[in-house]
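First comes the structure, then the notes that go with it.
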Amino acid sequence: MKIEPLMTDDSLLKLIGARLAGLRLAKNLTQSQLADQAGLGVRTVQRLELGATATRLSGFVRVCRVLDLVERFDVFIPEPAVSPLAQLKLQGRQRKRASRKPAATGDKSKWTWADSP
């Protein structure tokens, strides 16, 4: 099944878990062996593969490391691209927070030419 943007969180987690289970089986690892190599409990691996919502991100990363998936994180979460103008504006500093959009100011009435009635 293909990952779609309109999928619910629950179905997305279950699909990711099923894919992790498939990759584990392709490496011929039991859940216990994967848990041992990742430094996790077997129950944590089971919850990840079931798509349970109470799993920790660090456990996910450990499982991905054992399954040789860490190098794919660049595709999964790409590094943000900064435009050349933004780089000049920052003058070598790193951006630390988002800015608010400026509030609309001025008269919101319909604009007309100065010489029209």
Restricting to segment 74-96, and then to whatever is surrounded by 10 or more Cβ atoms within 10 Å (Cβ to Cβ) and at pLDDT 75 or above, can you tell me which residue is nearest to residue 61 (Cα to Cα)? 90
Could you list, in sequence order, all residues of segment 56-68 that are out of contact with any helix residue (DSSP H, G or I) (no Cβ under 7 Å at 6 or more places or on another chain), of a type outside the set (S, T, N, Q) and either farther than 15 Å from residue 23 by Cα or modelled with pLDDT of 95 or more (or both)? 56, 57
What number of residues within segment 35-45 satisfy the criterion of being in a helix (DSSP H, G or I) and either under 16 Å from residue 58 (Cβ atoms) or of a type in the set (Ser, Thr, Tyr) (or both)? 6
Do any residues in segment 5-34 that are part of a loop (DSSP other than H, G, I, E, B) have Cβ atoms under 7 Å from those of residues that are modelled with pLDDT of 90 or more, where the two are at least six apart or on different chains, and which pairs are they? 27/67
Reported set for segment 44-57 where residues are exposed (fewer than 12 other Cβ atoms within 10 Å of the Cβ) and free of Cβ contacts under 8 Å to residues at least 40 places away in the same chain is 54, 57
Residue selected from segment 1-55 under the condition of a type in the set (Asp, Glu) and within 19 Å of the chain's Cα centre (by Cα), by the criterion modelled with the highest pLDDT: 49
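The values are calculated or read from the model by the stated rules, or taken from the named source; none is laboratory data. In this text, all values refer to a predicted model and were calculated from it rather than measured experimentally. Every residue, glycine as well, gets a Cβ built from its backbone with ideal geometry; the counts of neighbours run over all protein chains shown.
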